[in-house]
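Working notes, structure below.
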Amino acid sequence: MSSKAAPSASTAAPSASKASAAATKAVAIADFAYSPSSLTVSKGTKVTWTNDDSAPHTVTSDGSGPLHSPSLDRGGSFSYTFDSAGTFSYYCTVHPNMHGTVVVK
């Protein structure tokens, strides 16, 4: 009977991995704006920002938040997995008029 329990445990683990892998969202950086500028996701979602502009951009939290990307040149990307609920506002340090928000539920 224990040999039957082991496959059941193994079967459950890949299902959890597939669920995690499916929880991804993308934000494009184009025309000096984040698109979408506001995004609502569930806890555990990985968000990836990709710079499609010719100018460099960052993804930086307002205040002491968790988002601190390096400068992203064209084609560069930055990812962060949101593990706690809340509202996370961010901006571009190179172009401070660029703002975005991720709401995690």
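Taken together, the values in this text are just the output of simple stated rules run on the coordinates, not laboratory data. Keep in mind that what you see is a predicted model, and the values were worked out from it rather than measured. Here Cβ is always computed from backbone atoms with ideal geometry, including for glycine, and neighbour counts include all displayed protein chains.
Would you calculate the volume per residue, in Å³, of the smallest convex hull containing every Cα atom of region 23-104?
Values: hull volume 6.0 nm³, N = 82.
With only Cα atoms used, region 23-104 gives 73 Å³ per residue.
So, R0 is 35 Å and r is the distance between the beta-carbons of K105 and D52; what FRET efficiency does that work out to, to 0.05?
On the way: r = 28 Å, r/R0 = 0.79.
Given R0 = 35 Å and the Cβ-Cβ separation, E is 0.80.
Under a point spin-label approximation (7 Å from Cα along Cα-to-Cβ), what is the S37-T60 distance to one decimal in nm?
The two pseudo-label positions are separated by 2.0 nm.
Which residues' amide hydrogens lie under 5 Å from the amide hydrogen of T58, considering only partners 5 or more residues apart or on another chain, with H built in the peptide plane?
Hits under the 5 Å cutoff: L72, T93, V94, H95.
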